Ligand SMILES: [Zn+2]
């Protein structure tokens, strides 16, 4: 349910696990072991995790932008910034990759417009600053203006 939110948080540089198919008990023990914050809309999960002294954020808003603002305020983040550190798809680490190492994987149109590429060390997906980044930058600006 919060999968899209997880993607955004990864783009902001956060190590953010998302798994919709594990049970509450596994989520709680993982959070405990790895000192993670749980972000959930599920009241039962939130209550059970809080009982185990885990920091829980249960957004009250339903739009992504408002949820991100709530998270930033709860965590005392002064601003969000786009980072290229975590894969938005799988949370793997992103590494800068040189264009000539991946020539055949990048459409020529893209190569004409961008020079910066990153590759995920887990799923091997290649990222570049495409048009969606413009929308992300706009969103970041709107959020930061309210923090
Ligand atoms: Zn990945």
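Taken together, the values in this text are just the output of simple stated rules run on the coordinates, not laboratory data. Nothing here was measured: the structure is a model prediction, and the numbers come from that model. Every residue, glycine among them, receives a Cβ derived from its backbone with ideal geometry; neighbour counts consider all protein chains shown.
What whole-number volume per residue, in cubic angstrom, does the convex hull of the C-alpha atoms of the chain give?
Measuring per residue, one finds 121 Å³ for the Cα hull of the chain.
What is the distance, in nm, between label points placed 7 Å from the Cα along the Cα-to-Cβ direction at residue 101 and at residue 137?
2.5
Measure off 7 Å from each Cα along the Cα-to-Cβ vector at residue 41 and residue 4, then give the distance between these two points in nanometres to one decimal.
1.0
Highest mean first, what order results for 106-118, 6-18, 69-81 on Cβ atoms within 10 Å?
Peptide ranking by packing, descending: 6-18, 69-81, 106-118.
Roughly speaking, what % of Cα-Cα pairs in the range 1-44 are separated by over 14 Å, rounded to a whole number?
49
What FRET efficiency comes out for the pair residue 146/residue 33, r = Cβ-Cβ distance, R0 = 25 Å, nearest 0.05?
The formula returns an efficiency of 0.15 here.
So what's the back-of-envelope 222 nm ellipticity for the chain, counting only DSSP H runs of four-plus at -39500 (n - 2.57) apiece and dividing by all residues, rounded to 500?
-11500 deg cm²/dmol
Taking the Cα centre of each part, how many Å lie between the range 8-30 and the range 46-69?
Going from one Cα centre to the other spans 12 Å.
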